[in-house]
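The values are calculated or read from the model by the stated rules, or taken from the named source; none is laboratory data. Given the structure is predicted, the values throughout are model-derived calculations rather than measurements. Using ideal geometry, Cβ is built from the backbone for each residue, glycine included, and neighbour counts are taken over all protein chains shown.
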Amino acid sequence: MRTRPARLQKGDLVGIVSPSSSPNMKKLEKGLQYLEQLGLRYILGDSIQNKRHYLAGTDEERAADLEAMLKNPEVKAIFCSSGGYGAARAANHLDFTLFEENPKIFWGYSDATFLHSAIGQLANMVTFHGPTISGIGSDGLPERTKLMFKQLFEPAEIYYDESISPLHTIHSGRVRGQIVGGNLTLIANSLGTKFEIDTLGKVLLIEDMGLEPAQIDTLLNQLRQARKFEQAAGIIIGDFTKADTRFYSDSPSVEQLMEEYFRNIGKPVVSGFKIGHDDLNVAIPLGVDVILDADQKVLAMLPGVE
């Protein structure tokens, strides 16, 4: 059982960091206004607007920002400002005992997947796969995307069924296990490192954006050869947006690829979850126990906060 961070209260101070790329500041400002509507106060990390090529400052600066938020007793949660690239580089400079000693809400997705896995494995802590703060500053977001922040204020089970989005059973079955994963590229990037994702007996979430089918095929094959699917108890397939064919005109669809990889896997696999790179981004806790019922097309999750 992983440690669950304490719930938020109105008036709490939260920290905003950029462990990857720097955010679009106009969108970030709109996202920060939403945090204020939730009754939260915020502080920005020192390097949040730094620029070093595609990174928000040096690896050391980005890691130091995150550690400063962990050490600050007034900060009750840490939110990623944006995705992009660089979290895996910052991970090399992080002291993960600080997460154990200061269990706080950590929230982000996409490039933050690398940190979710590392924090879960090295600090045994629940984290949250949810939209970045600049992401919620985008126009026209579905209300459900924003409402998912409410789970941080009151422990609540999350129940995902076809009332949220159409779901497709690739392989039948029912399983209970700890949910791990996130962005497919970052999961594959962890292989062979000290942060390599552990899927043994776990329910694995995969999602990604901007990859054509051949690239998705490459990453799925890598995880299959690393036995990550074999070791998992079940598979949840989130959004694979902007998966347009660019180099191979005879590519299979993403749906055909998933069928090829998972239809004979012998464990529950369900696709269609709006978890990932889409306007509707259902935020979930990682590291909690879930029940995946592929026959009923239901995913039920325990609360992520105490």
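List of remarks:
- Residues of region 254-294 that turn out to be in contact (Cβ under 8 Å) with a residue 24 or more places away in the chain and either farther than 25 Å from Ser163 by Cα or of a type in the set (D, E, K, R) (or both), as a count: 14
- Residues of region 28-68 satisfying the condition of being part of a helix (DSSP H, G or I), within 24 Å of Leu98 (Cα to Cα), of a type in the set (Asp, Glu) and free of Cβ contacts under 8 Å to residues at least 40 places away in the same chain: Asp59, Glu60, Glu61, Glu67
- The lone criterion from (1) touching a residue at least 40 places away in the same chain (Cβ under 8 Å); (2) of a type in the set (Ser, Thr, Tyr); (3) more than 25 Å from Val269 (Cα to Cα) left unmet by Ser117 is number (3).
- The sole residue among Ile133, Ile158 that is crowded, with 17+ Cβ neighbours inside 10 Å, aliphatic (A, V, I, L, M), farther than 18 Å from Thr241 by Cβ and within 14 Å of the chain's Cα centre (by Cα) is Ile133.
- Some residue of region 32-48 being over 22 Å from Gly287 (Cα atoms) and under 18 Å from the mean Cα position of the chain (by Cα): no
- Qualifying residue in region 6-17 (condition: hydrophobic (A, V, I, L, M, F, W, C), in contact with a strand residue (DSSP E or B) (Cβ under 8 Å, 6 or more places away or on another chain), under 20 Å from Pro285 (Cβ atoms) and assigned to a helix (DSSP H, G or I)): no
- Every pair of residues 6+ apart whose Cβ atoms lie under 7 Å, when the first sits in region 85-101 and is of a type in the set (Lys, Arg) and surrounded by fewer than 23 Cβ atoms within 10 Å (Cβ to Cβ) while the second is assigned to a helix (DSSP H, G or I) and at pLDDT 95 or above: Arg89/Asp59
- Matching entry among Met1, Met69 (being of a type outside the set (Lys, Arg), within 17 Å of Ile119 (Cα to Cα) and crowded, with 20+ Cβ neighbours inside 10 Å): Met69
- Meets criteria (out of contact with any Pro (no Cβ under 6 Å at 6 or more places or on another chain), at pLDDT 95 or above, closer than 25 Å to Ser190 by Cα and assigned to a loop (DSSP other than H, G, I, E, B)) for Thr113: no
- Within the option set Gly272, Gly276, being at positive phi and in contact with a Gly (Cβ under 8 Å, 6 or more places away or on another chain) holds for one residue only, Gly276.
- Elements of type helices (runs of 4 or more DSSP H) in region 203-306, at least 2 residues being among the aliphatic types (A, V, I, L, M): 213-225, 254-262
- Residue match in region 207-226 (condition: at negative phi, free of Cβ contacts under 8 Å to residues at least 60 places away in the same chain and within 17 Å of the chain's Cα centre (by Cα)): no
- Filter result for Thr132 (assigned to a loop (DSSP other than H, G, I, E, B) and of a type in the set (Val, Ile, Thr)): yes
- When Met1 is tested against (1) closer than 23 Å to Gln121 by Cα; (2) at pLDDT 95 or above, exactly one condition is not met: (2).
- Condition met for Ser172 (under 27 Å from Gln296 (Cβ atoms) and free of Cβ contacts under 8 Å to residues at least 12 places away in the same chain): no
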